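K.L.:
Let me begin by handing over the structure; questions about it come next.
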Amino acid sequence: MPQNALFITLLLGLLQITKAFELHRSQGSYLINASRGTVVDLKALARALNRGHIAGAAVDVFEKEPEKNGPGFQHPLQGCPNTILTPHIGGSTVEAQANIGEEVAAALIKLVNHGATINAVNFPNLELPYHAECHRILNIHVNKAGVLRVREKP
């Protein structure tokens, strides 16, 4: 590992060798851990930050992911200088949850009113033209190969 790196970014899988990441080699560096929560000893990182050995840290992975935002979240890195803590799953923030709720509601309205399934996951993307005084029937079936194939006339 470089001994004079200003920024150290960890994007590693969880292997035995990654569990031994050494903070003592990174005097004055900024650490970004976006790999696994157990790659870095987060209590040791908190001590290094509080002593000024590590200049700053950004962490979005934890040994145990926080269940929710707010008063129930406790972590050794809270209150450490120059430290950013974010949830690994971007959809876990309050803002993201509000946006997801709005997107899902809008998608359901488009489906019901227009038969549109744009950006649906594991579902065909359809955006059909509007036809006055018509109703669309959507048959959702088991994802089985050949179900939607064209059948030849006997």
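The values are calculated or read from the model by the stated rules, or taken from the named source; none is laboratory data. Given the structure is predicted, the values throughout are model-derived calculations rather than measurements. As a convention, Cβ positions derive from the backbone with ideal geometry for all residues, glycine included, and neighbour counts pool all protein chains shown.
K.L.:
Answer yes if at least one residue in region 9-28 is under 30 Å from Gln97 (Cβ atoms), modelled with pLDDT under 75, out of contact with any Asp or Glu (no Cβ under 8 Å at 6 or more places or on another chain) and β-branched (Val, Ile, Thr), and no otherwise. Please lay out each step first, then the result.
P.N.:
First pass over region 9-28, keeping only residues under 30 Å from Gln97 (Cβ atoms): 9-14.
Now drop any that are not modelled with pLDDT under 75, which leaves 9-14.
From what's left, out of contact with any Asp or Glu (no Cβ under 8 Å at 6 or more places or on another chain): 9-14.
From what's left, β-branched (Val, Ile, Thr): 9.
Within region 9-28 (the criterion being under 30 Å from Gln97 (Cβ atoms), modelled with pLDDT under 75, out of contact with any Asp or Glu (no Cβ under 8 Å at 6 or more places or on another chain) and β-branched (Val, Ile, Thr)), the answer is yes, since at least one residue qualifies.
Residue by residue, here is whether (1) at pLDDT below 75; (2) surrounded by fewer than 12 Cβ atoms within 10 Å (Cβ to Cβ) holds:
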residue	(1), (2)
Lys68	yes, yes
Lys110	no, no
His114	no, no
Asn119	no, yes
Pro129	no, yes
Val147	yes, yes
Glu152	yes, yes
